[in-house]
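The values are calculated or read from the model by the stated rules, or taken from the named source; none is laboratory data. This is a predicted model, so every value here is computed, not measured. FYI the Cβ positions are ideal-geometry reconstructions off the backbone, even for glycines, and counts take in every protein chain you see. Note: areas computed on protein heavy atoms with side chains; ligands, DNA, RNA excluded. Shrake-Rupley method; radii C 1.70, N 1.55, O 1.52, S 1.80 Å.
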Amino acid sequence: MSDPSVQQQQARPAVPVLHEERLDEVLGAAPERGRGRYRPHRVGMVWRSKVFRAGAVTVALVLCGLVILALVREQTGPEGFLVGLGLAVLPVPLLMAAFRWLDRVEPGPWRNLLFSFAWGACAAALVAIIANSFATRWIATATADPASADTLGATVIAPVVEESAKAAAVLLIFLFRRREFSGVVDGVVVAGFTATGFAFTENILYLGNAFGEDQLSGSSGFASVTAGTFFVRIVMSPFAHPLFTVLTGLGFGFAAVSARRHRARRIALPLLGLLLAMGLHALWNGSSSFGPYGFYAVYGIVMVPAFGLVTWLAIWSRQRELRTLAAELPAYAAAGWLTPAEPSALSSMRARGMARDLARHWQPDRTRGRAAARAVAEYESFATSLAGLRRRARHGAVGPDFGARERELLHHLWQRREVAAPALTHAALLTARRGAHHGRPLPTPYGTGNGYANGYAYGTGYGPGHTPGYGQTHGHTPGYGHPQGSTPGYAPGAYPPPQPYGGAPHSHRRPRT
């Protein structure tokens, strides 16, 4: 048995306390429980309303979708459109799942991803069809050589128009959703969703036209144009358009993590990514003009290695986000915002998933279980954003709102820590000591268990007064939204100490078992 006074000292670590004026300011700025972000009242003209802007963007994309739908259906015919739609949709879930997996460390909001996909499928595709057709007809008229016009349009005009149209979606999110575009992974994911939507619409057009040709010629089976087009576009190269546009996304991603003083670099990197995307797209489109084996040569020598390199870079950036959590969060654990075990758990995808499962299973009903798992997921996301913000601040890539943004993220962590901290602490112990318990039941993170279900200890629920175990006490001190206030020394005003961008993290003892 351990001394209760020792446990109490561990539960309330000695942390630096702000001056009284700043502490009052921080506590007064605390949002209500459940608010996802600050929403200050904005007075002004109607187009400053978020609802109005969202509605305007939605209406514009819907109109573009209706126009592109009519144009594609006119070119392919009703039957060709349905065949093309059925075949073109096959790679879409796989590509979206791959990009969403890449984004699991700090998941971006679905509204950004859906906007990107809709922009690529509707707006960018409409711009490409109209601009490419106009440019090809103009070149054919000016040169009186339709064959050369088609080749020039495919290798020069199409890459410039299509990549610029797709890059517009990345640029819009980079400018207007800057908080949600914080690094290389965000650039890759946004660009990938945009290109997936564009390729979806383009594949409907190509496959629908191929089906129309087969109907006129009476071809069918593996020798048909439809089968050949499906093999080239869906089987061999579903990653082609995403690969091109991801180069643009990488440029924006590297610009996002560049120091603010390097303005030339922040402008040049997205432009360089766009130029690389256009160049690779032009090489891909012009591969058929290099001889009978030109397509296979470009595919094997350029496309596959480029795809492998970009994939490696994206996965490396994802792992770097996890390493950032392990490097930056100990400063907040030293200040008392996190338990000593949380940085380790938050930097492991296995432990993060386990923490959500623990929170879900250790509740008496499904409704509370889903709410608990959601709270843990939000806690993990906010902690990841906090670590990324601190890393960017270390490299001079944040603006003057760093302090406000840090306080906001810490507010959200504090609101959810009563639920998330015990689950993450427990998950850290399980992942660190796999197999050490030899099947013996483990103590529950939310109090004394009354039984076991599905291999998990069944806890008594959340709330103040429940001891999470391991000698750590979470939830005893009221946080934000509680009329009792906060106890100095374990309050939201206790920020990571003196040098916010440096200093070695304090060491802690492993929680008791």
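Out of every Cα-Cα pair in segment 128-286, what percent are more than 25 Å apart? More than 25 Å apart: 41 percent of the Cα pairs in segment 128-286. Estimated at the nearest 10 Å², the accessible area of His426 is 0 Å² with a 1.4 Å probe. Projected over all directions and averaged, the alpha-carbon convex hull of segment 316-443 occupies 8.7 nm². With a simple spin-label model that places each label point 7 Å from the Cα along the Cα-to-Cβ direction, the separation between Arg177 and Arg368 comes to 3.5 nm.
Ranked by the mean number of other Cβ atoms within 10 Å of their residues, highest first, the peptides 85-92, 363-370 come out as 85-92, 363-370. A crude spin-label estimate for the pair Ser289 and Ile301, with each label 7 Å from Cα along the Cβ direction, gives 1.7 nm. Working ranking of peptides 409-419, 69-79, 140-150 by packing, defined as the average number of other Cβ atoms within 10 Å per residue, highest first, is 409-419, 69-79, 140-150.
For the pair segment 150-189 / segment 305-342, the C-alpha centres are spaced 26 Å from each other. Computed from the C-beta positions of Arg394 and Ala168, the FRET efficiency with R₀ = 22 Å rounds to 0.10. Looking only at segment 281-307, which residues have a backbone nitrogen under 20 Å from a spot 7 Å from the Cα of Asp145 in the C-beta direction? Those under the cut-off are 283, 285-292.
Per-peptide packing, taken as the mean over residues of other Cβ atoms within 10 Å, places 350-358, 298-306 in the sequence 350-358, 298-306 from highest down. Our estimate of slack between Arg111 and Gln319, defined as 0.36 nm per intervening residue step minus the Cα-Cα distance, is 72.4 nm.
The stretch between Arg260 and Ser217 holds 9.5 nm of extra length on full extension. This uses 0.36 nm per residue minus the Cα-Cα distance.
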